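Structure first, then comments.
The values are calculated or read from the model by the stated rules, or taken from the named source; none is laboratory data. Remember, it's a predicted structure, so these values are computed and weren't measured experimentally. Note that each Cβ is placed from the backbone with ideal geometry, even for glycine, and that neighbours are counted across all protein chains shown.
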Amino acid sequence: MSNDKAVLVGVDGSDASYKAAWWAANYAKHAGLTLQIVCAYSLPSYAAVSFDATYTTMGDDVAAHNDAQEILSKAKAIADEQGVGAATLIVTGDPSSVFVELSRNYRLIVIGNRGKGGLAERLLGTTSSSLPAYAYCPIVVVPYTDDDGNLMHLSNDIKRVAVGSDESKWGLKALQIAAAFADSWNAELDVMSAVPNISGLTGTGSAEERSVMDSYLDDLNTRIEPLMKTYPDLRINKTVVPGSAVEALTQASKTHDVVVVGSRGRGGFTGLLLGSTSQGLLQHAVSPVYVVPRKYVEAEESGLKAAAEAAETTDVAEITGVEQVSVDSAKPEQLADLESTIDPEHEE
């Protein structure tokens with residue numbers, strides 16, 4: 001199995017993680033990729049933090065392993081309904097470090113957000129330890145609810161994609177990925193560039209302010225020009241907005257099916273992705289956020305990714321803490337209306 005042709009999705013028994021499995025399966029089917037589903041837990045704290053199910057026996061590896069298999073069987077059934085066969089994995093130990101290691105082998109990793117703690121909380125974590133900041137492949141974070149707890153609907157068809165664009169190598173890579181992603185879905189691409197607020201200039205409507213905005217638009221046109229040649233049929237809209245890029249992208253998440261953004265890793269935009277409640281894009285977005293991490297861009301730049309592809313792919317089972325398991329898909333009655341719970345507006 002070539003993992004670079006696979007999508008990995010993490011599940012922990014929460015509805016949020018099952019929703020991520022749904023999105024990942026739909027994407028894998030559309031992109032012609034294979035799907036692998038992983039359930040992660042750690043001992044001895046498994047009973048307290050790992051799964052939503054109630055367990056009282058601390059450090060009971062047998063119970064944890066059995067529960068992980070049950071969770072995987074439900075996620076596998078969700079993939080089956082999307083018409084995607086899925087392999088299943090169990091991860092023990094610290095999931096943050098294991099997922100970072102796994103990210104070397106996959107095309108994309110998908111995780112859910114706004115569950116009840118568990119896997120998402122540990123993988124998103126703080127800026128200094130979050131998976132989106134330090135992964136070696138892109139990460140998609142799928143929201144379960146909005147800030148008010150309202151359930152978010154996911155469309156099986158991607159129609160509108162937004163991307164934050166700047167002149168950094170991370171911003172350029174995010175733009176390239178967003179264009180390819182939108183083109184593959186025959187979707188519309190909205191490219192957004194943010195002009196920082198300048199005291200005494202922003203909001204004045206002066207000729208000087210218009211000149212600054214025009215300069216940013218010229219730069220944006222220059223970045224987009226190669227994409228128009230590569231994807232001549234792609235519908236591209238350009239927007240230059242004053243103020244916070246994070247705020248603009250958070251607002252865009254309300255009207256777009258996916259938001260794409262580059263991450264600089266330590267500090268930089270990752271601080272805005274995961275920072276305070278007033279700024280964190282991943283905390284407030286209501287559509288999936290596709291993060292292009294710093295390490296992914298640097299690996300491609302240095303040719304490490306190409307070298308890894310030329311070499312024999314490391315089997316995931318060789319990574320410490322990862323076990324490939326075989327589980328049967330849950331029967332329809334065992335799903336207990338799970339799909340209607342995670343998205344009442346589900347489209348067949």
*asked:* Going residue by residue through segment 250-271, is there one that turns out to be among the hydrophobic types (A, V, I, L, M, F, W, C), modelled with pLDDT under 85 and either within 19 Å of Leu172 (Cα to Cα) or within 24 Å of the chain's Cα centre (by Cα) (or both)?
replied: yes
*How about segment 313-332: which of its residues are among the small types (Gly, Ala, Ser) and at pLDDT below 65?*
Ala317
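Matching residues to (1) within 18 Å of Val258 (Cβ to Cβ); (2) outside the structural domain of Val110 (by TED's automatic domain parsing); (3) not in a loop (DSSP other than H, G, I, E, B):
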| residue | (1), (2), (3) |
| --- | --- |
| Asp148 | no, no, no |
| Ala179 | yes, yes, yes |
| Ala182 | yes, yes, yes |
| Met192 | yes, yes, yes |
| Glu208 | no, yes, yes |
| Asp218 | no, yes, yes |
| Thr222 | no, yes, yes |
| Glu225 | no, yes, yes |
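Let's see how each residue does on (1) buried (at least 21 other Cβ atoms within 10 Å of the Cβ); (2) in contact with a strand residue (DSSP E or B) (Cβ under 8 Å, 6 or more places away or on another chain); (3) modelled with pLDDT under 90; (4) under 17 Å from Ile111 (Cα atoms):
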site: Ala28; (1), (2), (3), (4): yes, yes, no, yes
site: Val38; (1), (2), (3), (4): yes, yes, no, yes
site: Ser42; (1), (2), (3), (4): no, yes, yes, no
site: Ala48; (1), (2), (3), (4): no, no, yes, no
site: Tyr55; (1), (2), (3), (4): no, no, yes, no
site: Ala64; (1), (2), (3), (4): yes, yes, yes, no
site: Lys76; (1), (2), (3), (4): yes, yes, no, yes
site: Gly83; (1), (2), (3), (4): no, no, yes, no
